[in-house]
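Just below is one structure, and these are the notes that go with it.
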Amino acid sequence: MATLVTFHAHPDDESIAMGGVMAKASDEGHRVVLVVATRGEHGEVEDGFLAEGEPLWRRREQETRASAAILGVARVEFLGYVDSGMIGTPENDLPESFWQADVEEAAARLAAIITEEGADVVTIYDEHGQYGHPDHIQVHRVGLRAAELAGTSRVYMNTLNRDHLKRSFAALEESGAEVPDDLDPDFFDILGEPEERITTTVDIRPWLARKRASMAAHASQISETSFFLAMAPEQFEQSFGYEWFIRCDAEPGLVESDLFTGLG
């Protein structure tokens, strides 16, 4: 069996982006290690959700551990950086933010975990962080360098299938489902990568209930009435039933359906 180290920017990213792959890997006997760069200090939370004096980061750390337990994660680590906020916000400039982190220093922290675990597979995000979030872009930079330092050659960029999501959203609208009315019309043109660039599509429908439960564990950010969790089951399956990756060492024309193909 193999070891997967999956690197994410904030609590809840692991659930939304690849909770299905993590649950699948665990069920198949692989060791799954979750590393999160920040504790999501600058996430939004509804008034009254937190106890008086309770910091958001503490709740989000607890939620991450609950999500990880649902997904079968064997180890959870936080790199210790601070959430950088959305692009263009003042939080980007905080010296302790992940966006401001020295790539070599951050990569050395991550590489130490990868090396200790003897990781066979490492996942990061695509070059523009799936949708341009500064911490997601930094996950790509830091994760790529860390894998190089640790000598792990099987690296996957977790991404979104832009064309699939366009089709899914159009189908949602046609079905009469309630969809966000404040989406920029060009949003899908910057989301993820075009279908033709994706090397690895994993069918996670058998693990969809676990993925949804792990998302729900992040209740400070994803409430049961949120767009994600309020979807009808068939709509949730259409939107989240597959997870997508680009294998960094892929030969031209590679098409695969699992992160562990050929590892033995």
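The values are calculated or read from the model by the stated rules, or taken from the named source; none is laboratory data. Here the structure is a predicted model, which is why all the values come from computation and not from measurement. No Cβ is skipped: glycine too gets one built from the backbone with ideal geometry, and neighbour counts run over all protein chains shown. Just the protein is used for accessible areas: all its heavy atoms, side chains included, with ligands, DNA and RNA removed. Shrake-Rupley method; radii C 1.70, N 1.55, O 1.52, S 1.80 Å.
For the options Glu54, Glu105, Glu77, a Gaussian network treatment of the chain with springs between C-alpha atoms closer than 10 Å singles out Glu54 as fluctuating the most. Local charge for Gly253 was computed over the other residues whose Cβ lies under 15 Å away, with Lys and Arg +1 and Asp and Glu -1, and equals -3. Computed across the range 106-165, the Kirkwood radius stands at 11.7 Å (inverse of mean 1/r, all Cα pairs). At q = 0.13, 0.18, 0.22, 0.23 Å⁻¹ the log10 of I(q)/I(0) for the range 149-264 amounts to -0.62, -1.07, -1.34, -1.39, computed by Debye summation with a single uniform scatterer per C-alpha, solvent ignored. Taking label positions 7 Å along the Cα-Cβ direction at both Gln100 and Ile87, the computed distance is 2.0 nm, reported to one decimal.
So if I take the alpha carbon set of the range 1-78, get Rg, then get Rh from the Kirkwood formula, what is the Rg over Rh ratio?
1.03
Tell me, in nm to one decimal, what length is gained between Leu229 and Glu251 on full extension, where the rule is 0.36 nm per residue of separation less the Cα-Cα distance?
4.2 nm
Which FRET efficiency value, to the nearest 0.05, is calculated for Asp203 and Glu44 with the Förster distance at 35 angstrom and r the Cβ-Cβ distance? E between Asp203 and Glu44, to the nearest 0.05, is 0.60. Here the average projected area of the convex hull drawn through the C-alpha atoms of the range 76-202 stands at 9.5 nm².
In the elastic network of the chain, a GNM with C-alpha springs shorter than 10 Å, the most mobile of Pro252, Pro11, Pro206 is Pro252. For the range 13-29, backbone phi angles converted through the Karplus equation (6.51, -1.76, 1.60; θ = phi - 60°) give residue-by-residue couplings of 4, 5, 5, 5, 6, 7, x, x, 5, 5, 5, 4, 4, 4, 4, 8, x Hz, Gly and Pro being listed as x.
Ordered by solvent-accessible area of protein heavy atoms (1.4 Å probe), largest first, the residues Ile204, Ile198, Ile190 come out as Ile190, Ile198, Ile204.
Rg/Rh for the range 1-45 stands at 1.05; both radii use Cα atoms, and Rh follows the Kirkwood definition. State log₁₀ I(q)/I(0) for the range 67-132 at q = 0.24 Å⁻¹ as given by the Debye formula over alpha-carbon point scatterers of equal weight, solvent excluded. Rounded to two decimals, the profile gives -1.23.
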